[in-house]
1. Rounding to the nearest 20 debye, state how big the charge dipole of the range 144-218 is about its Cα centre with +1 on each Lys and Arg Cβ and -1 on each Asp and Glu Cβ.
2. Per 0.36 nm of contour for each residue apart, how much would the distance between VAL228 and GLU142 grow if the chain were fully extended, relative to their Cα-Cα spacing?
3. Measure of size requested: the Rg and Dmax of the chain, with Cα atoms as the atom set and Å as the unit; please supply both.
4. Which loop trypsin sites (Lys or Arg not before Pro) in the range 147-240, with loop taken from DSSP, have no more than 11 other Cβ atoms within 10 angstrom of their Cβ?
5. When only DSSP loop residues count, what trypsin sites (Lys or Arg not before Pro) in the range 22-129 have their Cβ near at most 13 other Cβ atoms within 10 Å?
6. Taking the dipole about the Cα centre of the chain, with the C-beta of Lys and Arg at +1 and of Asp and Glu at -1, give me whichever of VAL149, LEU68, HIS165 is farthest to the positive side.
7. Taking only the C-alpha atoms, wrap a convex hull around the range 5-52 and report its volume per residue in Å³ as a whole number.
8. Let me have the relative contact order for the range 5-52, percent, based on Cα pairs under 8 Å that are six or more residues apart.
Amino acid sequence: MSDPVRLAKRVADLARCSRIEAEQYIKGGWVSVDGRVVEDPAHPVTAETVDLDPAAKLETVEPATILLHKPVGYDAISGRRAAAGLVQPETRWEDDPTGERLLERHFHRLTPLVPLDADASGLMVFTQDGRVWRRLTEDGDEIEHEYVVEVSGDIAPYGLRRLCHGLHYGGRALPPCKVSWQNEIRLRFAIKGAQGGQLRDMCAQVGLEVVAIRRIRIGKVPLAKMPVGTWRYLPAGERF
C-alpha cells in the first residue's frame, strides 16, 4: 500500500492543475473520495477513488450568512436550548430561492446575531461574514425590525398613538416607531433598537396582553414564507 498523500496533491495530479487550484476545487465541494464529498485539502488518501465533479468551477468560497425561522422556546444567542442547533443540512428550506450550493464549511463558526426572545419566533441571522457582523452590531440600532404581535384585551384610549410615541421602557423615553393594526388581534410594529421584553412591556402599558410575537423582517430582509424551524441562505448581493 502506498503512503498517504494530501487530497490536494491527488487532485492536482488528477486535474493537471496547481496545488492552489486543487485546494480551491476541494474547498468548493467539487471533490469526492469514494463517493463522499470532502472539503479538507489536507485529507489523507491512499488507494481511495478520488473524483472531480465535471461541473467544477474555480471560484472563491464566500462566507455564508444563514437566515433561520426560529421557533418559540429556543434561545437566540446563548442558552440551554440554542437555536444554532436547528441549523443543519437537513433543515434547509426546500424552496430556498438562492440556489446556493450547500457546503459543510457553511456550518462552521456561525455567529448568531440580532437577539430574539425565547418566547418569540421569527427571523434570526447566523453569519461567517465580518461585513454582516459589523452591519448588524455596529449599526444595529439604526436598522428597522418588523414584528407581528398577537394580543388580547382592550387597548386603552389613545393606546395606538402612545405605542407609536409616548411610552417609556427601562427608565428611558422610547423613540418614535410605527405601529398599526394588521387585524383585530394583531399589531404590526416597525421599530429600531428594541430590547428584550420591550414589546411585551409596551403592550402592557396600553392594556394589552401579548399572546405571540413573530419577527418578519430585519432591515430589507424579510422572513418570507420560510416554515418554522427551517433556514435559507442570504442571497448574494442582498443587504440588511
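Bear in mind that the values in this text are calculations on the coordinates, not laboratory data. All figures in this text were calculated on a predicted structure; none of them were measured in a lab. We place every Cβ from the backbone using ideal geometry, glycine too, and count neighbours over all the protein chains shown.
1. 280
2. This chain segment gains 28.3 nm when fully extended.
3. 23.2, 84
4. LYS220, LYS225, ARG239
5. Loop-located and lightly packed - LYS57, ARG80, ARG81, ARG101, ARG109.
6. Farthest towards the positive pole: HIS165.
7. Once divided by residue count, the hull of the range 5-52 is 54 Å³.
8. 43
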